[in-house]
Amino acid sequence: MTTARGLEGVVATTSSVSSIIDDTLTYAGYNIDDLTENASFEEVIYLLWHRSLPTQAQLDELKTQLSDSYDIPQEILDHFKMYPIDKVHPMAALRSSVSLLGLYDEESDEMTDEANYRKAVRIQAKIPALVTAFARIRKGQEPIAPKKEYGIAENFLYMLSGNEPTAVEIEAFDKALVLHADHELNASTFTARVCVATLSDMYSGVTAALGALKGPLHGGANEQVMKMLTEIGSADNVEPYILEKLNNKEKIMGFGHRVYRQGDPRAKHLRDMSKRLTEQTGEPELYNMSIEIEELVTGSKNLPPNVDFYSASVYHSLGIEHDLFTPIFAVSRASGWIAHILEQYANNRLIRPRAEYTGPDMQKYVPISERG
Ligand SMILES: CC(=O)SCCNC(=O)CCNC(=O)[C@H](O)C(C)(C)COP(=O)(O)OP(=O)(O)OC[C@H]1O[C@@H](n2cnc3c(N)ncnc32)[C@H](O)[C@@H]1OP(=O)(O)O
Ligand SMILES: O=C([O-])CC(=O)C(=O)O
């Protein structure tokens, strides 16, 4: 047996959802650059779930299905109120509440294609409201009901603050959702596929994926990037801060990637958005610091920024609390998880690799009374 640490380079499945070839990312054959410029998040959801772009009628139908499913059960809102609210990370609250959501879905264990599609819509539609409801309840505010006429991006920003977002904010947020929607066999997507390959239900698959996304080596990095920018504080402090971390062999959050070597094609879009938005909010220093960090880390370690690096200053500029950055990643990546879960169900085989044993040699059992 040969082992590949961290499964690096192992091709574990076939997939038609997205691909990363020569540092180019495509969703079902469409280049991410093209989609970011032109497609809405709902169009991308359709693309990931059907592998073709929707006609206007198909898009309208999906949007209606989603908006008909925006509401979340009152029991879940009540449940949020029972959490030790000041200690619970919103990502843990989201993970727990998606699991709970499954309890209120009568079709949770129904495995027909039709029932799985209905669950896909319900999960995708409800995750944004779970995030925003928790964000408000923990501050002692009432959750804001979604508006059926709004798309996911507009609704998210509206439900979070209660204010009508501007067109610039909606566009930026929608693009961020497009950029994060899928990424081949990343850790959380693989987790989802492993889970449902036992023929477990979709809520279990998405809950498992949320657990994997939460970690700082994966989706959790965007919050850590903002923590770093806050600690650095001003462009003057960038060099000493970053060099000390690199000298101590500490990781700089938002840099490096298992698959990309030359660079993450999504970072340039988020970099541009970060520049525009930080100028508009009067915090250009955040962008300037980020550029300086990029130059230093890329120059000294040849590690380019990943999707998490510039998304931090983008979300901050949209007025979003820093610990909601990873849940926002989940709002988007849920679309990819679901596409992969449906693909796994369609051609399922249990995922069960082997481990090379490195423990003690064969031992003889010693009764507890005779152990020294
Ligand atoms: C949405 C996403 O999930 S994108 C990734 C988000 N995660 C982060 O931004 C966290 C920071 N980055 C990292 O931890 C890594 O680059 C990962 C987890 C993304 C990829 O990890 P791997 O492919 O396993 O690379 P690994 O961690 O083995 O690093 C290889 C080498 O590069 C170094 N390295 C990798 N990333 C970084 C970093 N961000 N800062 C400093 N050094 C780094 C490692 O220390 C290691 O050096 P060594 O060979 O001298 O020991
Ligand atoms: O693909 C990965 O390893 C990490 C990931 O989810 C992404 O970059 O979007």
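The values are calculated or read from the model by the stated rules, or taken from the named source; none is laboratory data. Only a predicted model underlies this, so the values are computations on that prediction, with no experimental measurement involved. Reconstructed Cβ throughout: ideal geometry from the backbone, glycine too, with neighbour counts over all protein chains shown. Side chains are part of the model used for accessible areas, which takes the heavy atoms of the whole protein and leaves out ligands, DNA and RNA. Shrake-Rupley method; radii C 1.70, N 1.55, O 1.52, S 1.80 Å.
Here are some notes:
- Segment 24-69: number of residues that are within 19 Å of the chain's Cα centre (by Cα) and outside any helix (DSSP H, G or I): 6
- The residue list Glu292, Glu343, Glu321 contains one member that is closer than 30 Å to Arg138 by Cα and not β-branched (Val, Ile, Thr), which is Glu321.
- In segment 316-338, residue surrounded by the most Cβ atoms within 10 Å (Cβ to Cβ) [restricted to those that are under 16 Å from the mean Cα position of the chain (by Cα) and among the hydroxyl-bearing types (Ser, Thr, Tyr)]: Ser335
- Among residues of segment 58-74, those that are of a type in the set (D, E, K, R) and within 16 Å of Arg136 (Cα to Cα), counted: 1
- Any hit, segment 295-304, residues being in contact with a strand residue (DSSP E or B) (Cβ under 9 Å, 6 or more places away or on another chain), open to solvent by 20 Å² or more (accessible area, probe 1.4 Å) and in a loop (DSSP other than H, G, I, E, B): yes
- Contact map, segment 137-152: residues that are in the same structural domain as Ser69 (by TED's automatic domain parsing) and among the charged types (D, E, K, R) paired with residues that are surrounded by 14 or more Cβ atoms within 10 Å (Cβ to Cβ) and not in a helix (DSSP H, G or I), Cβ distance under 6 Å, separation 6+ or inter-chain. Pairs shown: Arg138/Ile85.
- Unique match (being over 29 Å from Val307 (Cα atoms) and acidic (Asp, Glu)) among Glu43, Glu8, Glu61: Glu61
Residue-wise test of (1) assigned to a helix (DSSP H, G or I); (2) open to solvent by 10 Å² or more (accessible area, probe 1.4 Å); (3) among the charged types (D, E, K, R).
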| residue | (1), (2), (3) |
| --- | --- |
| Glu292 | yes, yes, yes |
| Ala312 | yes, no, no |
| His340 | yes, no, no |
| Glu356 | no, yes, yes |
| Ser369 | yes, yes, no |
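- Scanning segment 305-332 for residues that are in contact with a strand residue (DSSP E or B) (Cβ under 7 Å, 6 or more places away or on another chain) and more than 18 Å from Tyr241 (Cβ to Cβ) yields a single hit, Asn306.
- Residue match in segment 100-111 (condition: in contact with a Ser or Thr (Cβ under 6 Å, 6 or more places away or on another chain) and either in the same structural domain as Met202 (by TED's automatic domain parsing) or aliphatic (A, V, I, L, M) (or both)): yes
- Flag if Ala115 is modelled with pLDDT of 95 or more, farther than 24 Å from Leu213 by Cα and assigned to a helix (DSSP H, G or I): yes
- Taking the numbered list (1) open to solvent by less than 20 Å² (accessible area, probe 1.4 Å); (2) more than 11 Å from ligand 1 (Cβ to nearest atom) in turn, Glu279 passes all entries but (1).
- Only one of the numbered conditions (1) in a helix (DSSP H, G or I); (2) open to solvent by 70 Å² or more (accessible area, probe 1.4 Å) is violated by Thr2, and that is (1).
- Remark: pairs (first residue in segment 263-274, within 14 Å of ligand 2 (Cβ to nearest atom); second residue part of a helix (DSSP H, G or I) and open to solvent by 20 Å² or more (accessible area, probe 1.4 Å); Cβ separation under 8 Å; 6+ apart in sequence or on different chains) = Pro265/Asp33; His269/Asp33; His269/Lys175.
- Of the helices (runs of 4 or more DSSP H) lying entirely inside segment 158-269, those carrying at least 3 residues that are more than 16 Å from ligand 1 (Cβ to nearest atom), under 26 Å from Phe41 (Cβ atoms) and open to solvent by 60 Å² or more (accessible area, probe 1.4 Å) are 167-180.
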